[in-house]
Structures are given as structure tokens and as C-alpha cells.
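Visitor: Questions regarding the structure given below will be posed in turn.
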Amino acid sequence: MKAAIRRSYGPPNTITVEEIEKPVPKDDEILIRVVANTVNRTDCANLTGKPFIMHLMLGLVKPRKIVLGTDFAGVVVAIGKNIDSFQVDQRVFGFTDMGLESQAEYMAMTPKDNLIIIPDPIDFKQAVASLEGAHYAHSFILKSGIRSGQKVLINGATGAIGSALLQFARTFDVHITATCSTENIDLIRSRGADQVVDFTQEDFTQRGEKYDLVFDSVGKSTFGKCKPILEKNGTYISSELGPYSQNVLYAIFTPLFGGKKVRFPIPYPLAKTIPYIKSKIETGLFNPLIDREYPLEEIPSAYEYVISGRKIGNVIINLSKD
């Protein structure tokens, strides 16, 4: 079978698409024919080993897993003798931030809380696009304590996290201001923003408006810059550690003094986030954004594009034979 391989941390040109042995499922595993996956920010961190903390989790000197991929949507083609929760021919999707070796034609995995059946009539691309960014977005929502009547700002509403966050926040009775580039204003309004700030024309921190919650889904601002636009007891949450990894420390100390504070969105368990995501796509309250797709053979180009920071929503790797 074909798979996206890397044997060391590095840039996209270190990825090769190679023929390797098709996995054989163990007694507690299922074998999945992969139809689609995404190249996302987590994949890029796993590829490059940046920030360095990734080395501590994936392999200090070189990655322990050589096949890339953190998410997938596909079809069960075989099950181990100890599996009774899934059946052959079921459509399934899943995610694990430490890697599933899913950027391949087939993958074997032990089904846990990171695997779920795709609801009808959701297709494979919609299913896989609803995972990584939405997983982190739901953690934002849970950490924030969002409630009715609040004013919310989402910086970077066109990313995988930001676009999911916008739609999840929309399910609350809040006023949402979202930032995006000029060409995406109508798109972001259609996903639920009450007000849109074109970041190519205006700095959202200089508008004179205050917010109860500032979600920096792209990690391109800081608590210091956003503090003036927070209400007295407002909360700032970022998807990144901050330029000096200060957001973790701020999250520890700012709540101790009252007033404006930082919360750090350590991801919640998949057992909590994936059922939430499934419920939202089933009910039509979440429609993930898809930017473009690539075949497996062009996966280095997909990584280059995602790392460039220009993607809108999700970038799909299409392994369909159809």
C-alpha cells in the first residue's frame, strides 16, 4: 500500500510517498481503508517537531512513527476477534493528536474514544474535516464558560479551529465579532458572525469595543494586546503558547487576582469532544469549511500550503479510488 513517510523531523520536502506492507489487524484492532484525511496544524507540528515539546511526545531524536496522519475517514474492512463494537463495511472517522499513521491507503487501530461511526448523510470529506479543528474549538468553548448575553470576538475565523469555534459559539445567545480577510467576509457572515472585521484594513484591538471573551484561534495576538479590549472580568484564550510561552503562566496566575484573565485550552478528552462534534454535524449546526484537496502523491505540497498559513478551514487528502 502507499503511505506518506518521514523518518526525521523536518520540512515538507522530507516526506516521501512509498509502498509499504499493508497492516494486519491484531485481535483488538480493526483494519480501515482510508478514504480521506486532512493536513492540519497538528500534522504540521508532528512533521516539523516544532515546538520542541513535540519531541518529548513523539520521539526525542526522531519520530517513533514514520507514517504521518492524525485523522481519517474510511471504511472498516476487517476486524480482530476481540472486536464486537464495529463491523465490516461501516463508515468510520477518528482523530488522535499524537498520530494514527492514517496518511496511508490502509491503517490498523485499536478502537477507543477516538473512533466513531459517520452519521448519514455526511460524506467522508465532511466527516474528516469536522475533527481536528473542531476538537480544539470545543475545548475553547468548554474552557471559556461562555454564556448568554456575552460579547465574543474570534480572531482568525476562517481557520479550522476558528470556523468551528464560530459555529459552536453561534449555538449560544451571544454577539459574535469575527476577523477575516476581505474575500471571506460573506463566508464568515454565513457561518454566524454578527459583525466582521477585515484584518487587512483594520486592527481589531484598536476599534474601541470591549468583549467578554476574546478567542485567538490563530495565536497571532497576545493577552497584552487584547487586555484593553476585554471587559472587567473578561477572558482571553489563545490556540498558541504565546511568543515566550507566557500563556500557560498567565493561565495559572491571572485567575488568582480577579479581573481580566487568561485560560489555556488544554484539549478535553476525545470521549467528550467527538460525540459533541457528531451531534453538531448531524443536526446541521456545524458545517466544516473545506479549502482544497490533494491526492496522496502530492501530500508534500499540501503540507507546504498548510504551513504557509493561507488555508481556509481544512485541506483534504483524497485517497478515494472512485
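The values are calculated or read from the model by the stated rules, or taken from the named source; none is laboratory data. All values derive from a computational prediction rather than experimental measurement. Ideal geometry is used to build each Cβ from the backbone, glycine not excepted, and the neighbour counts take in all protein chains shown. These area figures cover heavy atoms from the full protein model, side chains too; ligands, DNA and RNA do not enter into them. Shrake-Rupley method; radii C 1.70, N 1.55, O 1.52, S 1.80 Å.
Visitor: Return an integer: the convex hull volume of the alpha-carbon atoms of the stretch 208-258, in Å³ per residue.
Guide: 72
Visitor: Follow-up question, since we're still on this one. Give me the Kirkwood hydrodynamic radius of the stretch 70-191, using the inverse of the mean 1/r over all pairs of distinct Cα atoms, in Å to one decimal.
Guide: 16.3
Visitor: For the stretch 101-253, what are Rg and Dmax over the alpha carbons, in angstrom?
Guide: Rg then Dmax for the stretch 101-253, in Å: 16.9, 53.
Visitor: What does the net charge come to around R91 if you take all other residues with beta carbon closer than 11 Å to its beta carbon, with K and R at +1 and D and E at -1?
Guide: -2
Visitor: Per the Cauchy relation, a quarter of the hull surface: what is the mean projected area of the convex hull of the alpha carbons in the stretch 48-118, in nm²?
Guide: The number I arrive at for the stretch 48-118 is 5.4 nm².
Visitor: Under 25 °C and 0.890 mPa s, how fast does the stretch 168-322 diffuse according to Stokes-Einstein, given a Kirkwood radius computed over C-alpha pairs? Answer in µm²/s, whole number.
Guide: Estimated via Stokes-Einstein, D reaches 137 µm²/s.
Visitor: Sticking with this one: Ratio to report: Rg/Rh of the chain, with Cα atoms as the point set and Rh obtained by the Kirkwood method; give two decimals.
Guide: Ratio value, two decimals: 0.98.
Visitor: Counting pairs of alpha carbon atoms under 8 Å apart in space and at least six apart in sequence, what relative contact order in percent does the chain give?
Guide: Relative contact order of the chain: 19 percent.
Visitor: Taking amide H positions as placed 1.01 Å from N in the peptide plane, with prolines and chain starts having none, which residues 5 or more places from Y211, or on another chain, fall under 5 Å of its amide H?
Guide: The answer is L230, E231.
Visitor: Mind listing the long-range amide H neighbours of V262? Cut-off is under 5 Å, sequence gap 5 or more, other chains count too, H placed in the peptide plane at 1.01 Å from N.
Guide: Long-range HN contacts for V262: Y236, T254.
Visitor: Let me ask something additional. Once phi is turned into ³J(HN,Hα) by the Karplus curve 6.51 cos²θ - 1.76 cosθ + 1.60 with θ = phi - 60°, what whole-Hz value does each residue of the stretch 94-101 show in order, with x for glycine and proline?
Guide: Couplings: x, 7, 8, 5, 7, x, 10, 6 Hz.
Visitor: Counting only C-alpha contacts under 8 Å and six or more residues apart, can you give the relative contact order of the stretch 122-186 as a whole percent?
Guide: 35
Visitor: Listed here are the pairs K125/K280; K26/K321; K143/K278; K112/K278; K65/K311; K220/K272; which of them are more than 18 Å apart at the Cα?
Guide: Beyond 18 Å: K26/K321; K143/K278; K65/K311; K220/K272.
Visitor: Let me ask another. Sum up the charges of everything whose Cβ sits under 13 Å from the Cβ of K62, counting Lys and Arg as +1 and Asp and Glu as -1, but leave K62 out.
Guide: +4
Visitor: Ok, one more. Which GluC sites (Glu not before Pro) in the stretch 101-178 sit in a loop by DSSP (not H, G, I, E or B) and have at most 15 other Cβ atoms within 10 Å of their own Cβ?
Guide: none
Visitor: How much of the accessible area of the stretch 124-177, in percent, comes from carbon and sulfur atoms when a 1.4 Å probe is used?
Guide: 48
Visitor: Among 28-40, 135-147, how do they line up by average Cβ neighbours within 10 Å per residue, starting with the highest?
Guide: Put in order of decreasing packing, that is 28-40, 135-147.
Visitor: With Cβ to Cβ distances under 12 Å as the rule, what net charge do the other residues near E231 carry (K, R +1; D, E -1)?
Guide: +4
Visitor: Then there's this: What accessible area per residue, rounded to a whole number of Å², is obtained for the chain using a probe radius of 1.4 Å?
Guide: About 45 Å² of surface per residue is accessible.
Visitor: Could you work out which residue, out of V88, V75, V306, moves most in a Gaussian network model of the chain, that is, has the largest mean-square fluctuation with Cα springs under 10 Å?
Guide: The residue that fluctuates most here is V88.
Visitor: For the chain, what does the helix formula give at 222 nm: sum of -39500 (n - 2.57) over DSSP H segments with n ≥ 4, over the residue count, nearest 500 deg cm²/dmol?
Guide: -7000 deg cm²/dmol
Visitor: Which whole-number percent is the relative contact order of the stretch 215-322 (Cα, under 8 Å, 6+ apart)?
Guide: That works out to 19 percent.
Visitor: Rounded to the nearest Å, what's the spacing between the alpha carbon centres of the stretch 1-44 and the stretch 261-322? Just the number, please.
Guide: About 16 Å separates the Cα centre of the stretch 1-44 from the one of the stretch 261-322.
Visitor: Give me the one-decimal nm value for the distance between modelled label points at D89 and V248, 7 Å along each residue's Cα-to-Cβ direction.
Guide: For the pair D89/V248, the computed spacing is 4.9 nm.
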